[in-house]
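See below for the structure under consideration.
The values are calculated or read from the model by the stated rules, or taken from the named source; none is laboratory data. Remember, predicted model here, so these are calculated numbers, not experimental data. Every residue, glycine as well, gets a Cβ built from its backbone with ideal geometry; the counts of neighbours run over all protein chains shown.
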Number of protein chains: 2
Amino acid sequence: MAVIDRRQQVLKAATKSFSLFGYKATTMDQVAKIANVGKGTIYTFFTNKEQLFDEILRDVTLEMKSIAEREIKRDKPFFDNLHRVLDALLDFRSEHELFIKLSQENREVGTPQAQEGLDKIENVVLEYLEREVEFAIRQGEIKPCDPKIISMVMFRLYIVLTAVLNKTHKPLSKEEIKTYFHLFLAEGLAL
Amino acid sequence: MAVIDRRQQVLKAATKSFSLFGYKATTMDQVAKIANVGKGTIYTFFTNKEQLFDEILRDVTLEMKSIAEREIKRDKPFFDNLHRVLDALLDFRSEHELFIKLSQENREVGTPQAQEGLDKIENVVLEYLEREVEFAIRQGEIKPCDPKIISMVMFRLYIVLTAVLNKTHKPLSKEEIKTYFHLFLAEGLAL
DNA sequence: AAGTGACCGGATTAGTAAAATGGTCAAAAG
DNA sequence: CTTTTGACCATTTTACTAATCCGGTCACTT
């Protein structure tokens with residue numbers, strides 16, 4: 001079996017375990033078992049548990065970026081791009097699973113690594129959003145305002161519509177999420 | 001000393017302690033001491049710690065409602081009212097202190113009563129917002145859309161602008177908060 | 001050379017005794 | 001007699017310790 005394969009196996013097993021049980025409840029023995037690999041093997045590819053976690057986080061954010069980049073057409077309007085990226089992102093349940101599990105772990109157990117992981121993902125998304133917003137402002141597509149604030153609000157709005165709302169409300173469909181996103185960010189509520 | 005006074009003393013002392021130390025770290029002995037009252041006296045007015053906490057939460061939300069009602073003029077536009085209520089609410093630091101302390105306690109220690117308290121406040125605000133939004137929709141002042149979602153987004157937007165943002169950004173002024181509130185809810189970002 | 005799992009030491013958990021706290025009530029104060 | 005009080009009780013929380021678990025290593029197997 002190729003070296004690259006074993007590494008990939010470990011990565012896949014660890015992703016599964018982190019998404020299913022969270023950071024703390026994922027043991028290296030368990031990862032080894034799921035990956036059908038001796039525990040020592042893991043340590044030939046990754047220096048320790050945190051670094052393995054980091055690597056997965058990096059993969060997740062890279063995947064998200066790649067999804068975004070695939071959808072963004074520089075010649076299309078900002079909100080057009082935003083909607084297409086949102087659409088594509090909403091289909092990627094695997095990214096969300098890890099995100100949701102870490103949120104839960106952070107809430108219920110308060111594992112520092114879960115919080116750090118969430119912050120890392122959030123930062124990548126925010127940085128990315130910020131750049132796009134800056135570009136849109138330069139293009140004169142949206143009003144000139146602080147990109148940091150805009151991207152923060154966009155991110156939180158996304159969380160509210162996809163996750164928070166589900167506690168008191170039936171989950172929104174992809175279409176509804178896009179509609180509300182557009183309503184707040186592009187049109188405003190006023191008639 | 002009048003009975004009503006002693007009750008008020010206890011209420012004031014407890015509010016102070018809950019705002020300063022949170023729910024868990026507030027002991028009944030301490031409340032009695034701050035209120036200059038025997039511990040037993042507290043139990044002549046309140047059945048137990050939770051009920052005392054509830055009473056304070058009720059007072060806080062009543063105060064918020066009263067602030068809101070004072071500012072709302074039924075003949076003025078919705079966003080006009082919204083801004084004036086926001087303005088008045090942002091001045092009420094005492095309400096915010098308890099809210100912020102409970103948020104912190106919930107995050108750091110996870111005291112269930114802190115979470116419940118926050119939920120109670122949130123629910124009161126959401127119900128109130130929902131009614132106002134419904135009214136504005138009937139008046140044809142804002143677009144017809146689900147009031148539950150609108151009020152939830154409004155509430156979270158408020159939290160983001162007043163609290164969450166402060167971790168990565170310098171706190172916004174009252175004027176800035178109002179501007180961004182208007183930008184997202186009334187105008188939208190698009191040019 | 002690559003892969004493994006028994007093994008090690010530090011970290012976490014379970015178990016328990018001691019301390020703290022919510023709530024009561026007999027007695028003191030008014 | 002009514003109101004107030006703080007010592008007291010039962011339960012919860014905390015501090016401490018022993019037992020277990022888990023991340024990481026490495027001598028041994030394949």
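Candidates B:Lys178, B:Lys148: the one that is surrounded by 15 or more Cβ atoms within 10 Å (Cβ to Cβ) and at the interface with chain A (Cβ under 7 Å from one of its Cβ atoms) is B:Lys148. Quick check on B:Val160: is it in contact (Cβ under 8 Å) with a residue 24 or more places away in the chain, of a type outside the set (D, E, K, R) and in contact with a Lys or Arg (Cβ under 9 Å, 6 or more places away or on another chain)? So B:Val160 fails the test.
Figure legend. Inter-residue proximity from the range A:51-79: first residues within 30 Å of A:Pro144 (Cβ to Cβ), second residues hydroxyl-bearing (Ser, Thr, Tyr), beta-carbon distance below 7 Å, spacing 6+ or different chains. Indicated pairs: A:Lys65/A:Tyr128; A:Ala68/A:Tyr128. Among the listed residues A:Ile137, A:Ile72, identify the single one that is surrounded by fewer than 17 Cβ atoms within 10 Å (Cβ to Cβ) and more than 16 Å from DNA strand D (Cβ to nearest atom). One residue alone meets the criteria, A:Ile72.
If the condition is being surrounded by fewer than 17 Cβ atoms within 10 Å (Cβ to Cβ), of a type in the set (A, V, I, L, M, F, W, C) and assigned to a loop (DSSP other than H, G, I, E, B), then the range A:1-45 contributes A:Met1, A:Ala2, A:Ala25. Looking across B:Pro77, B:Pro112, one residue alone is under 30 Å from B:Glu141 (Cα atoms), assigned by TED's automatic domain parsing to the domain that holds B:Thr162 and not basic (Lys, Arg). It is B:Pro77. Among the residues of the range B:25-44, what is the count of those that are in contact (Cβ under 8 Å) with a residue 24 or more places away in the chain and either assigned by TED's automatic domain parsing to the domain that holds B:Thr111 or of a type in the set (S, T, N, Q) (or both)? Of the residues in the range B:25-44, 2 are in contact (Cβ under 8 Å) with a residue 24 or more places away in the chain and either assigned by TED's automatic domain parsing to the domain that holds B:Thr111 or of a type in the set (S, T, N, Q) (or both). Taking the numbered list (1) away from every other protein chain (no Cβ under 14 Å); (2) under 13 Å from the mean Cα position of the chain (by Cα) in turn, A:Val125 passes all entries but (1).
Consider the range A:128-145 and keep the residues that are within 12 Å of chain B (Cβ to nearest Cβ) and closer than 16 Å to A:Asn81 by Cα. The one that is nearest to the chain's Cα centre (by Cα) is A:Glu130. Scanning the range A:119-134 for residues that are under 18 Å from A:Ala186 (Cβ atoms) and surrounded by fewer than 17 Cβ atoms within 10 Å (Cβ to Cβ) returns a single hit, A:Glu134.
On the stretch given as the range A:103-118, residues that are within 11 Å of chain B (Cβ to nearest Cβ) and either exposed (fewer than 14 other Cβ atoms within 10 Å of the Cβ) or over 17 Å from the mean Cα position of the chain (by Cα) (or both) total 4.
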